[in-house]
Amino acid sequence: MYNNKLIGSLYVTPFVIGFLLFTAFPFVASFILSLTDARLQDQLGAAQFTGVANYTGMVADSTFQKSLGVTFAYVFITVPLKLAFALFIAVVLNFKLRGIGLFRTAFYLPSILGGSVAIAVVWRFVFAGDGLINQGLGSLGIGGVNWLGEPTTAMFSIVLLRLWQFGSAMVVFLAGLKAIPEDLYEAADLDGASRMKQFWMITLPLLTPVLFFNFIMQIVQAFQEFNGPYIITAGGPLKSSYLLPLMIYEEAFKYFNLGYSSALSWVLFIIIAIFTAVAFWSQKHWVFYAQDRGDDKGGH
Amino acid sequence: MRGNVVTNSVKLTDVKKSFNGHDVIKGVSLDVQKGEMVVFVGPSGCGKSTLLRLIAGLDTPTSGQIEIAGNDVTYAHPSKRGVAMVFQSYALYPHMTVADNIAFALKIQGLPKAEIDAKVRDVAEVLQLTHLLKRRPKALSGGQRQRVAIGRAIVREPDVFLFDEPLSNLDASLRGQMRVEIARLHTKLNATSVYVTHDQVEAMTLADKIVVLNAGRIEQIGAPMELYRKPANLFVAGFIGSPRMNILGAKVRSSSGEAVTLDTPQGVLAIPRTGAQAATGASISLGIRPENLHVAAAGEEGHLSGYVILIERLGGETFAYVTLKGFDGEPVILKLDGEAQVHNHQEVRLTVDLNRAHLFDEAGLAVGVSPDFADKTDGSGHVQ
């Protein structure tokens, strides 16, 4: 028994060390740093305790306010759009058609490539002044658009990058759709419900646990988006795509304000935590967990 | 379109269905009369559920015609056929309350709320679901769910009810209760019903008419007792009746027009059979129901003899398994009184109710009719 415990502990040790070093320690350290005026180029010992000054300072920081607004806009636009798009594609790919497996793979591929740096670089070329889109528009006789140079279209380009990564949400939706028993649709067919009514009255309610999961994941990921604005738009123009993670990065590694950057990280963490908590609280009103479906052998 | 004066509620004409080149239904023709409870029975894979789905419109036949209430519905949408179905899994919408489940079809039809509420209340009352109307399916027992599924069908007031093995998910005692409830409901509503089951007890107790299916074909159609008394072939003889009919191999010694005389490993047996012809020397199967085999009384010679190898005492009745001397194959089963004095390894002499014995030729078809059943045409007497 003693040996088993020892062996078990040894197996767990690598994870525990990794967790303490790379998760718990930075987590605590960042909070402590957020209460100081630490700067990247100085010795950490030189940092002065400043209390909540970094936090109160954000109130007067117009860049932070701009970034916060842009981040909220980005999240509120991309999360519903991406969920709706992923669900739509999942519903289409759920049809029993010949070669549907090929389509499923093809639609999932973008998510394997994901929002990686390489893809973001490709995106920049696609949306550049002489990029693929403008060339395409030109061949149709339509004048090009300065995609990355205008505040609205710059935001549009990074929003589109996010939508392009719909695959993982789509796969989760597809699994959810497959878990809905066929006989419910057959019963609805007999009851005379159209395909559209079946979707709204059966599919969507039964998909809410999956929708909830995807919603949480997308909220978290959208608030953490970095590659798109960093590589494609550099947060511009006029800070129109200056998402909070990019600001955190620049405060730390461009302006060396480690303390302020840590405080921004904590604000972002709290925002994500609040959104997640509200989502969890609200689920009792809109998420339906089917559990068992009526095929147990219970008595009267 | 509807409302023609027709006596048959469902009519199938040479219906065939293939899946990927594999014939599942191989030409089925059938009339279901108005108000009748017809039960499709057969082993797994015989096509009974497929046939029901074809009637429901959930599958389309490869060829043939399906009429319901006088209308050709072969290619009609399921909702346009006037049928309601109770699924094996109940197919209750798990996110809706019992009331919403029952009301679903009516809401789709766009009926006024007051009318929907009234109909749901009526159905709930009939099925004793009133106190459960606000519950969700997961908060119900199996039997309650089954009643909700039935309620959902009743509320639509269809021309035909379709039941797809509705009791197979329930345990044995509940199955018995629900069987009685369905039978009572059928009597009360007098609704045309097509019921699929693999359980011959359900078929016998519920049906006005049983359709025995095997490998996509109808083996025999008839009232329950008609099938029991006069099975058309070995398949029906073996399928209808529990325990199943004992089948013994023999050779035809002679056929006189009054009786068919058999050569068996234990000697000669003359089976009364008016007008039946059987070729001398041909192989023949002798079918004897377990209740038509008895332990011979002391001093009585009996027709057969063997050794008891197993006794199953069920209380009110006893099944004795007897290996017959000289016969190959399975032991025969005797259905005896619960207090019958038999024991393992006992040598027994058996008498056969020869007037109730069955004969089947080499092709498995019945040879004539047992004299005791010759004049009986129906008398189904199922649960009411």
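Tabulated results
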| item | result |
| --- | --- |
| Test item: Cα-centred dipole of the protein assembly as shown, Lys/Arg +1 and Asp/Glu -1 on Cβ, debye | 1540 |
| Residue order, fewest to most beta carbons within 10 Å, for A:242, A:11 | A:11, A:242 |
| Under the Karplus curve 6.51 cos²θ - 1.76 cosθ + 1.60, θ = phi - 60°, whole-Hz ³J(HN,Hα) for the stretch B:202-212, x wherever Gly or Pro sits | 4, 4, 5, 7, 9, 7, 7, 9, 9, 10, 8 |
| Estimated FRET transfer efficiency when R0 is 35 angstrom, pair residue B:20-residue A:113 (beta carbons, to 0.05) | 0.40 |
| The stretch B:160-182-the stretch A:219-286 distance, computed between alpha-carbon centres (Å) | 58 |
| Helix axis angle, B:172-189 relative to chain B longest principal axis, alpha carbon, degrees | 60 |
| Additional length obtainable on full extension of the chain from residue B:121 to residue B:217, 0.36 nm per residue less Cα span | 30.4 nm |
| Chain B - mean residue ellipticity at 222 nm from DSSP helices (-39,500 (n - 2.57) per run, n ≥ 4, rounded to 500) | -6500 deg cm²/dmol |
| Range in chain A, longest, excluding exposed trypsin sites (Lys or Arg not before Pro) [loop by DSSP; at most 16 other beta-carbon atoms within 10 Å] | A:99-253 |
| Contour minus Cα-Cα distance for residue A:182 and residue A:254 (0.36 nm per residue) | 20.3 nm |
| Whole-Hz couplings from phi, Karplus 6.51/-1.76/1.60, listed for the stretch B:239-256; x for Gly and Pro | 7, 8, x, 9, x, 5, 5, 7, 10, 10, x, 7, 10, 6, 8, 7, 9, 9 |
| Cα shape, the protein assembly as shown, gyration tensor, a/c 1.5 rule | prolate |
| Nonlocal amide H pairs with residue B:162, under 5 Å, H built at 1.01 Å | B:84, B:85, B:86, B:194 |
| 5 angstrom amide H check on residue B:74, placed H, neighbours 5+ away | B:66 |
| Share antiparallel - DSSP beta bridges, the protein assembly as shown, percent rounded to 5 | 80 |
| Under 15 Å, Cβ to Cβ, from residue B:326 - net charge with Lys/Arg +1 and Asp/Glu -1 | -1 |
| Spin-label model distance (nm) - residue A:5 vs residue B:201, 7 Å beyond Cα toward Cβ | 5.5 |
| Cut-off under 5 Å, modelled amide H: who pairs with residue B:37 long-range | B:193, B:208, B:209 |
| Inter-probe distance in nm under a simple model that places probes 7 Å from Cα toward Cβ, at residue B:190 and residue B:131 | 3.3 |
| Cα-based shape type of the stretch A:62-286, given that a ≥ b ≥ c are square roots of the gyration tensor eigenvalues and the cut on a/c is 1.5 | oblate |
| Taking B:218, A:100 and counting other C-beta atoms within 10 Å, the order from fewest to most | A:100, B:218 |
| Nitroxide proxy distance, nm - points 7 Å out along Cα→Cβ at residue A:73 and residue A:135 | 3.1 |
| Helix axis angle, B:142-154 relative to chain B longest principal axis, alpha carbon, degrees | 60 |
| Cα gyration tensor shape for the stretch B:8-233, rounded if a/c is under 1.5, else prolate or oblate | prolate |
| Computed over chain B, Kirkwood Rh from alpha-carbon pairs, angstrom | 23.2 |
| Tilt relative to chain A, helix A:62-93 - C-alpha long axis, 0 to 90 degrees, to 10 | 20 |
| Förster-model FRET efficiency, 25 Å R0, residue A:55 and residue A:23, C-beta, rounded to 0.05 | 0.65 |
| Order of B:351, B:74 - criterion: other Cβ atoms within 10 Å of each residue's Cβ, fewest first | B:351, B:74 |
| Cleavage-rule hits, chymotrypsin sites (Phe, Trp or Tyr not before Pro), the stretch A:162-232, DSSP coil, Cβ neighbours within 10 Å at most 16 | A:226 |
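Bear in mind that the values in this text are calculations on the coordinates, not laboratory data. In this text the structure is predicted, and so the values were computed from the model without any measurement. All Cβ positions, even for glycine, are placed from backbone atoms using ideal geometry, and neighbour counts span all protein chains on display.
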